[in-house]
Amino acid sequence: MSDVVLECEDLSRVYEDGDKSVTVLRGANLTLLAGEKIAVVGSSGSGKSTLLNLLGGLDRPSTGKVLMGGRDLSVLDEKTLCRVRNTQLGFVYQFHHLLPEFDARENVAMPLLIGGTARSEAWQTAAQILERVGMSHRLTHRPAQLSGGERQRVAIARALVARPDCVLLDEPTGNLDPHSAAQVLALIDELGQDSASFVVVTHDPAIAAHMNRTLELRDGILQALN
C-alpha cells in the first residue's frame with residue numbers, strides 16, 4: 001500500500017455567519033494510501049461532514065488543498081471536477097439519496113450513464129455490482145420497496161460501480177437497525193479486500209474498529225487515535 005490516493009495539506013474551513021467567523025476545520029493533514037480504510041470519529045458538529053465534503057470536492061477549503069491523484073481539486077474547473085467525482089470518487093451518505101423514480105439497477109447505473117457508458121453495458125455492470133452486494137434479487141425494485149439496509153447496499157453499489165480509487169462514506173450505518181448495520185459493516189470489510197480506499201465518518205465503534213486506523217476531529221483539529 002505505497003501509492004497515495006488522496007491527501008490534504010493544512011486544510012482549513014471558515015464559515016462567515018454575519019459579522020462572525022466560525023472555524024470548523026483547522027490545518028488538517030491526511031494521507032490515504034491505496035487499499036487503506038480510515039475512520040474519522042468525533043462528536044456531532046465537530047466538522048466530520050465538512051471534512052468529507054472537502055475531500056470529495058463538494059466544498060472549497062478556506063486554506064490548504066486536497067490532492068486526488070496528485071491534482072489539487074480546488075484549482076480544477078467545474079467540468080473537470082465533476083469528471084473526477086464521477087470516475088475517481090464514490091460517495092455513500094447516511095441518507096442514501098437514491099432517486100425514487102428509478103429502480104435499483106437504474107440508480108446504480110446512473111454514474112456510468114453520466115460518464116458516457118452505453119446503456120446496455122451500464123446495466124450489465126450495475127447488475128454485476130448489485131449481485132456482489134447481495135441485491136441481485138432486487139434489480140427492478142424502487143427505493144420505496146426496499147428496506148433501509150437494502151437501500152444502503154444499493155447506495156454502496158452505486159458508489160463502487162465506476163471502480164473509484166476512493167470511497168467516502170458519511171455515517172453509513174447511522175439510520176440502520178443493528179442487523180442491517182452489521183450487514184453493511186461486513187460488506188465494507190469484504191470490499192476492503194479490493195484496491196479501493198475508504199474514508200468512513202462514523203459514530204459506530206464497530207465500524208471504526210474494522211478500519212486500518214482511526215482519526216478524531218476535536219475542536220476542528222484532526223488527530224490520530226491509532
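The values are calculated or read from the model by the stated rules, or taken from the named source; none is laboratory data. Bear in mind that the values here come from a model prediction, so they are computed numbers and not experimental data. Glycine also receives a Cβ, built like all others from the backbone with ideal geometry; neighbour counts cover every protein chain displayed. To get the accessible areas, we keep the full protein, side chains included, count just its heavy atoms, and leave off ligands, DNA and RNA. Shrake-Rupley method; radii C 1.70, N 1.55, O 1.52, S 1.80 Å.
Below is a table of values for the structure above.
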| quantity | calculated |
| --- | --- |
| Output for the stretch 8-34, where each listed residue is under 19 Å from ARG71 (Cα atoms) and either crowded, with 18+ Cβ neighbours inside 10 Å or in contact with a helix residue (DSSP H, G or I) (Cβ under 6 Å, 6 or more places away or on another chain) (or both) | CYS8, LEU11, ALA28, LEU30, LEU32 |
| Selection count, the stretch 40-66, where residues are of a type in the set (A, V, I, L, M, F, W, C) and either in contact with a Pro (Cβ under 7 Å, 6 or more places away or on another chain) or surrounded by fewer than 17 Cβ atoms within 10 Å (Cβ to Cβ) (or both) | 2 |
| Number of positions in the stretch 69-85 that are within 20 Å of ASN107 (Cβ to Cβ) and open to solvent by less than 40 Å² (accessible area, probe 1.4 Å) | 0 |
| Among the candidates ASP219, ASP170, residue that is modelled with pLDDT of 85 or more, out of contact with any His (no Cβ under 9 Å at 6 or more places or on another chain) and either surrounded by 20 or more Cβ atoms within 10 Å (Cβ to Cβ) or not aliphatic (A, V, I, L, M) (or both) | ASP170 |
| Criterion violated by LYS37 - all others in (1) of a type in the set (D, E, K, R); (2) in contact with a Phe, Trp or Tyr (Cβ under 9 Å, 6 or more places away or on another chain); (3) open to solvent by 80 Å² or more (accessible area, probe 1.4 Å) satisfied | (3) |
| Any chance ALA206 is at negative phi, surrounded by 17 or more Cβ atoms within 10 Å (Cβ to Cβ) and of a type in the set (Gly, Ala, Ser) | no |
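Conditions (1) surrounded by 14 or more Cβ atoms within 10 Å (Cβ to Cβ); (2) over 20 Å from the mean Cα position of the chain (by Cα); (3) modelled with pLDDT under 90, marked per residue:
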{"residue": "GLU106", "(1), (2), (3)": "yes, no, no"}
{"residue": "ALA109", "(1), (2), (3)": "yes, no, no"}
{"residue": "SER120", "(1), (2), (3)": "no, yes, no"}
{"residue": "ILE129", "(1), (2), (3)": "yes, no, yes"}
{"residue": "ARG132", "(1), (2), (3)": "yes, no, yes"}
{"residue": "THR140", "(1), (2), (3)": "no, yes, no"}
{"residue": "ALA144", "(1), (2), (3)": "no, yes, no"}
